[in-house]
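These notes are about the structure you will find just below.
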Amino acid sequence: MSAQPTAIEPDYAPEGAPATRRVNRRARTYGTLLVVLGVIMLVAGVGAWGAVAQGLGQEKVDVTDTAPAFVGQRVDAPWEAWAQSEAIRTDLQQMTDGRTYAEVDREDPIRPSVATGTFLRASLMTSVIAFGVSLAVVGVGVGFVLGGLGLRSLARRDGGALTA
């Protein structure tokens, strides 16, 4: 017989019998499921962060000198992508005298350059959001792991209130 019961033991024991430990199998199973899902989310979040960083790094873009921070660094992290996006915004404002793409006349020869800059900014900001989502997935994964471990701990608690 195993040292740890795998089912809910009765609340009573015959006189003279050693007290047994209660285990709620359903709570333990749900706890295990939460831990497994949490680990999967942790791996997925870290993998997504790495994939976005690698994709940005492969473009071999360095933060330009008009950026508010991280000048000269390779764009492969959210803060560098944001800084380069701000540099592009500054360059576009100077090029258009503060006008947006929508405000630049269709016949203006700078319009294609403004369109390209606007698209680049949007792509960089999308990368920043992707980094944030991957970090959120990691956070949820940590929460699932901790919740699952807590549920498993409660399921094994002697005399706990959990029932099947």
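Taken together, the values in this text are just the output of simple stated rules run on the coordinates, not laboratory data. Computed from a predicted structure; not experimentally measured. Here Cβ is always computed from backbone atoms with ideal geometry, including for glycine, and neighbour counts include all displayed protein chains.
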Between the residues Ile129, Leu92, Val39, the Cα farthest towards the positive end of the dipole of the stretch 25-156, that dipole coming from +1 and -1 charges on the beta-carbon of Lys, Arg, Asp and Glu, is from Val39
So Val71 and Arg89, fully extended at 0.36 nm per residue minus their Cα-Cα distance, gain in nm 5.0 nm
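Explain nothing, just the number: dipole magnitude of the stretch 22-164 about its Cα centre with +1 on each Lys and Arg Cβ and -1 on each Asp and Glu Cβ, in debye rounded to the nearest 20.
Details: 14 positive and 13 negative charges, 332 e Å.
The calculated dipole for the stretch 22-164 is roughly 1600 debye.
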For the stretch 76-83, in residue order, the Karplus 3J(HN,Hα) values (coefficients 6.51, -1.76, 1.60; θ = phi - 60°; whole Hz; Gly and Pro = x) are 8, 9, x, 5, 6, 4, 5, 4
For Thr126 and Arg99, extending 7 Å from Cα along the Cα-Cβ vector and measuring point to point gives, in nm, a value of 2.7 nm
Sparse-neighbourhood loop hits (GluC sites (Glu not before Pro), the stretch 70-144; DSSP loop; Cβ within 10 Å at most 15 others) -> Glu107
